[in-house]
1. Given the conditions (1) within 18 Å of residue 100 (Cα to Cα); (2) at pLDDT 95 or above; (3) of a type in the set (D, E, K, R); (4) out of contact with any strand residue (DSSP E or B) (no Cβ under 9 Å at 6 or more places or on another chain), and given that residue 25 satisfies all but one, which numbered condition is not satisfied?
2. Within the range 68-82, can you find the residues that are without any contact (Cβ under 8 Å) to a residue 24 or more places away in the chain and surrounded by 14 or more Cβ atoms within 10 Å (Cβ to Cβ)?
3. Taking the conditions exactly as written (surrounded by fewer than 17 Cβ atoms within 10 Å (Cβ to Cβ), over 27 Å from residue 110 (Cβ atoms) and more than 12 Å from the chain's Cα centre (by Cα)), does residue 34 satisfy them or not?
4. Give the number of residues within the range 58-111 that are within 12 Å of residue 18 (Cβ to Cβ) and hydrophobic (A, V, I, L, M, F, W, C).
5. Among 55, 48, which is the only one that is without any contact (Cβ under 8 Å) to a residue 12 or more places away in the chain and surrounded by 13 or more Cβ atoms within 10 Å (Cβ to Cβ)?
6. Within the range 49-69, identify whether any single residue is aliphatic (A, V, I, L, M) and within 24 Å of residue 11 (Cα to Cα), and answer yes or no.
Amino acid sequence: MAGKFEKFVGKDGKHYFSLKAGNGEIILQSQGYASPRSRDNGIESVRRNSQHPERFEKKTAKNGKFFFTLNATNGQVVGMSQMYKTEKGRDNGIDSVARNAPDAKVVEAKA
């Protein structure tokens, strides 16, 4: 089963997307966007930038868990992962984004 981008409006009224792997796990979450058009541009940015390993930034949280961000060419964060217990889990998440993002369909999230 292929990955998908789910679009939704948050409780704050901003527009978001999440990238889900084929198993339904969220592998990347967006920031909030002011408009649907900006959000859709963010999705396209993830498609493009996920194919460049240098755009992934591996990080460690203060609590010792691991996560990553995906950055655009201008350095702006276009998505952030969940927290992982291990570096290997984080690295697998990066691989999953790179595999799923280019061909993921875009759908409205179910309420």
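The values are calculated or read from the model by the stated rules, or taken from the named source; none is laboratory data. Predicted model only: the values in this text are computed from it and were never measured. As a convention, Cβ positions derive from the backbone with ideal geometry for all residues, glycine included, and neighbour counts pool all protein chains shown.
1. (2)
2. 69, 71
3. The answer is no for residue 34.
4. Matching residues across the range 58-111 total 7.
5. Exactly one of 55, 48 is without any contact (Cβ under 8 Å) to a residue 12 or more places away in the chain and surrounded by 13 or more Cβ atoms within 10 Å (Cβ to Cβ), namely 48.
6. Looking for residues that are aliphatic (A, V, I, L, M) and within 24 Å of residue 11 (Cα to Cα), one finds none in the range 49-69, hence no.
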